[in-house]
Amino acid sequence: MLSKAITLIESTRDDLRTKGQQILDRLLELQAQKRKGQGFRLGISGPPGVGKSTFIEALGMEWINAGHKVAVVAVDPSSHLSGGSILGDKTRMERLSMNPNAYVRPCASGCVLGGLAQHTDEVVMLMEAAGYNMVLVETVGVGQSEVLVTEVADMCLLLLPPAGGDELQGIKRGIVEAADLVVVNKADGDLLMPAKRALVEYRSALHTARGGGRAQRPWWEGSAMLCSSVDGTGVANVAKV
């Protein structure tokens with residue numbers, strides 16, 4: 001039922017989208033009558049190859065083991081030539097997608113700028129109305145303009161690889177300022193020491209970005225930590241933030 005409602009919301013046909021909006025309005029009305037509070041929304045961004053899907057699965061399983069119901073919106077980039085998307089994120093989250101307390105929905109960006117799809121906010125509201133109290137929103141990637149997730153999520157997490165120095169220059173200031181939490185992934189094996197060095201550099205970058213952003217966001221305090229999505233080290237600490 002949830003999948004059908006999301007398909008209606010995302011449809012380009014006016015008649016189907018109207019039906020989807022009617023379903024959403026009714027669900028929100030019922031939710032308001034029950035006076036049920038909104039769940040927690042976590043936006044996740046990061047460069048390609050950083051392990052976002054593996055991290056999301058590890059974090060989602062951690063929340064499920066704590067008694068939560070988890071939903072994932074995985075926004076996949078669309079081709080500017082064909083308009084198509086691979087939508088393969090669900091296959092990389094096998095444990096999470098098969099869990100009865102989880103729901104994974106890949107969505108095409110539709111060539112919309114900002115890191116999200118056109119109807120991501122509505123999809124998240126449908127998931128919350130369906131009873132999922134922890135929603136993870138994965139953006140298409142990382143860059144200066146991929147900051148729309150801050151308007152949808154309660155908290156923005158920036159997942160980064162265990163490398164610093166010149167590679168830090170590739171992380172645009174816009175997304176660094178938008179991040180509430182920076183997590184250095186793949187902190188295991190031979191990459192543990194590089195990850196620790198990168199953590200120091202990323203904390204310094206956060207401090208610099210925080211100085212520039214205080215005029216607009218005086219309450220903002222970012223932080224950084226290590227984790228390994230493969231062996232689970234540090235994932236529980238991220239889940240508690």
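Couplings 3J(HN,Hα) for the stretch 98-103, derived from phi with the Karplus relation 6.51 cos²θ - 1.76 cosθ + 1.60 (θ = phi - 60°), are 8, 6, x, 9, 9, 9 Hz, where x marks Gly and Pro.
Of the listed pairs K90/K240; K196/K240; K19/K52; K19/K90; K90/K196, which have alpha-carbon separations greater than 23 Å here?
Listed pairs above 23 Å: K90/K240; K19/K52; K19/K90; K90/K196.
Simple spin-label estimate for L16 and V200 gives 5.5 nm between the two label positions (7 Å along the Cα-to-Cβ direction from each Cα).
Where a number appears in this text, it was derived from the coordinates with a stated rule and is not lab data. These numbers come from a predicted model, not from an experiment. We place every Cβ from the backbone using ideal geometry, glycine too, and count neighbours over all the protein chains shown.
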